[in-house]
Structure formats: C-alpha cells, structure tokens
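The values are calculated or read from the model by the stated rules, or taken from the named source; none is laboratory data. Only a predicted model underlies this, so the values are computations on that prediction, with no experimental measurement involved. Here the Cβ is made from the backbone with ideal geometry for all residues, glycine too, and neighbour counts use every protein chain on show. Note: accessible area is taken over every heavy atom of the protein model, side chains too, but ligands, DNA and RNA are not part of it. Shrake-Rupley method; radii C 1.70, N 1.55, O 1.52, S 1.80 Å.
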Amino acid sequence: KHPKRMSDPLVNNITCIFVTREGSITAPSLCILIALPLLLSSRWILGFSSLFLGLFLICRALEVTGAEDNAKIRFNIMHASDIVQEIKTESDAMILNSALESIAMKLNYEQKQEEYAENELEFFFSEAVYISLKQHAISPDNSLLTGILSSLALIAKNEAVRIQLTSQTSFSLDLPLSAMNLSLHEAQRKEDEELTEEIEQLSADVQRKGCLWMGALVDGNKQLATRVVDEGGLRIILAAIDWYRYHEDVNNWGLWAIFMLCYEHLTNKIELVRLGGLQILCQSILNNSDSSLEVCRHGIAVLFDLLQNTNIYNTINDHNGYDVMKVRQVAVSVGLHNAVYKAMLNYPESSEIIKMGTELLMSTSFVGDIPV
C-alpha cells in the first residue's frame, strides 16, 4: 500500500503543533512533557490531567489545519481510482488541487508499478484533470487552473495519454485551451485598481504553465502540433506573450512552445506568420534582452527556423507556399535587425545566439558591423 506522503507545507503545519517556528515548545508539548515525570513518580491525577490536556490541545490544533490539509492526508493514502470517484462531485478548488497533487506524487512513487498496471495511473490522472477542468468551466479559478495545467504538462509526453487526446472526445484539447484563453481575457479586462501583485502573478502563471504543457505535448509529435494550432493554441501563446511582454517566464516558455509547434512544420510556420508572430517574436526579444538570455536564445531559434532557406519551401506552390524571401522582408520591417543585434551584444558568451544571429543578419542584408 502507498504510505502517507505529506507535502512540506503540511508537515510544517503539523510540526508547528509541537514546536513554534521560532523553535520554542508549544502548550501541547509542554503539557505532555510535564505529564511524563508526574506519571513516572506515581502522581496519577496530576499526570493524567496534564496528559489529557495536552492531547485535547493537539486535537483542537488538528481541527484548524484546514480542509485542504485534511484532504491531502486522506488523498495520499487513497488509491487513485478512489480519488477520481470522490472528486466527481467536488466543487471546491482547493480540494481538487489537493487531489491532483496527490496523484502527481503517486506518479513519482518508486513502487507505483506494484500498485498500478502500465499507464493506469496516468489514465486516472488524466481523468482527474478533466473532472477538474469541467468544474473550472463552471466556476473559474486561476489557482485551480495552474494546478490543472501543471498536471497536464506532467503527463504530456506519455504516448498513451497522447493517443487518448487524439481519439477520445471527452479528453479534448478544447477544454484546457479555452480555459487558458478565458483566463487571459479576464486579466485583460481587469482595471488597474483590481489588480494586486498576487492576482497578476497567478494570471501569468496560468499562461506560463499552459505554454509549458503545449510545448511538452507536441514535442516530437507532428499530428498533435497540427491539432494544437488548429484549435487556437498558437494564437493563445502569441496573445499571452504580447500581453505579458515583460514577464520573463511567460515569454521564455511561450517562445519555447512556439519553437516546438513550428519546428519542421511548414503549415504551422505559415500560420505563425499570418497571425503576426514575427513582430511579437522581435518585440519579445527586445523587451527581455537586458534580463534574459533564455528568452533571446529561444526567440532567435524560432526566427532562425522561420527564415532559413530550404528546398522544401521552394517546392510548395505559391497559393499554399512559404516564400522565405518575403518572410525575411516582413521580419526586417518589424524589427528583426534591432532585436537580433541587441541580443548578440548582450550575450556574446552564448555560442548559439552568436551563430544563429550572425546567420540571420547576413541573410537579411544587415548593414553594419556584426557582433562577434
């Protein structure tokens, strides 16, 4: 059977019943410590009174650890199938998040193969995620959505789960993509006075984790890359990068996801250009070039892949084609030279940025000295 596995916050909460965060003992601990010598010296009334008082205080403290912590304890010792059954009627976002965290922990449990058949736990996890997504659609909650998207990313590369996504309508891409889109629209509609740093960070985390999920999902799978773009995933990523233009993590994982969606995928490249992605790519690099090597590296990698000249592009007819020379002209007009040049100046130690940047500048008729 699975042992009880507690997250660090839960362990801390229970530890604080006995020892304060400053290191001193609490009232329940004091009562129990006083009871021991009294009982050993046969002073039964005082000893048992002190012991019972200590146990009473512990019970009261456990009562206030909260429904979320209690759910974590319960879920950690339950079989994944039982968790799935229990949350089918659950509406509390914290409880649903606890269920997802518990199954995620079971995925990493080294003895899981003794308890579950191959891919069984992943399927239970996927079902729990989609139960949570349906509840989120009824009552949107960004804290729940971040947990959902993190869970999806965790199982995104499992081939059985990928097949499930492409063959079963109840596990569609539409639900998580729609949830990401709704969250972004809600963030865009909020007035400045409604936004706190915590709310804004949570909204950005939704987009960051959604980009991470999409990139992991399509890695090495052209069919899923096509599906994600067809269902609006690329448009959502571009909108997130554009809105959170100075948020390093959103830009970094967004650009990485775009690379995964478009690498060796001609139709997705065409869609990226059609959606105005070249301008968003260049702006992302410029906005974050002073603070993030990874944003620059991923952004330049996408541009390099878009603008390289290969025979496959030249064999496509003009109606459905991808004219690299025209795409290069558009890229230059929306700031390619400035973005690449600045990234190369800021990160001369990155051989990838220097190599790809040099090729990009040389192939687009850059005038001036190229950083080396």
Those residues that are more than 16 Å from Leu303 (Cα to Cα) and touching a residue at least 40 places away in the same chain (Cβ under 8 Å), I need them from the stretch 337-355; list them, please. Asn346, Tyr347, Ser350
Yes or no: the stretch 183-203 includes at least one residue that is in contact (Cβ under 8 Å) with a residue 40 or more places away in the chain and either in contact with a Gly (Cβ under 6 Å, 6 or more places away or on another chain) or not in a helix (DSSP H, G or I) (or both). no
Tally up the residues in the stretch 289-311 that are in a helix (DSSP H, G or I) and touching a helix residue (DSSP H, G or I) at 6+ places or on another chain (Cβ under 9 Å), please. 15
Go through the stretch 257-274 residue by residue and tally those that are under 11 Å from Val218 (Cβ atoms) and part of a helix (DSSP H, G or I). 7
Kindly indicate whether any position in the stretch 356-364 is more than 22 Å from Val273 (Cβ to Cβ), in contact (Cβ under 8 Å) with a residue 60 or more places away in the chain, in contact with a Phe, Trp or Tyr (Cβ under 9 Å, 6 or more places away or on another chain) and surrounded by 15 or more Cβ atoms within 10 Å (Cβ to Cβ). no
Condition check: open to solvent by 50 Å² or more (accessible area, probe 1.4 Å) and modelled with pLDDT under 85. Does Glu115 satisfy that? yes
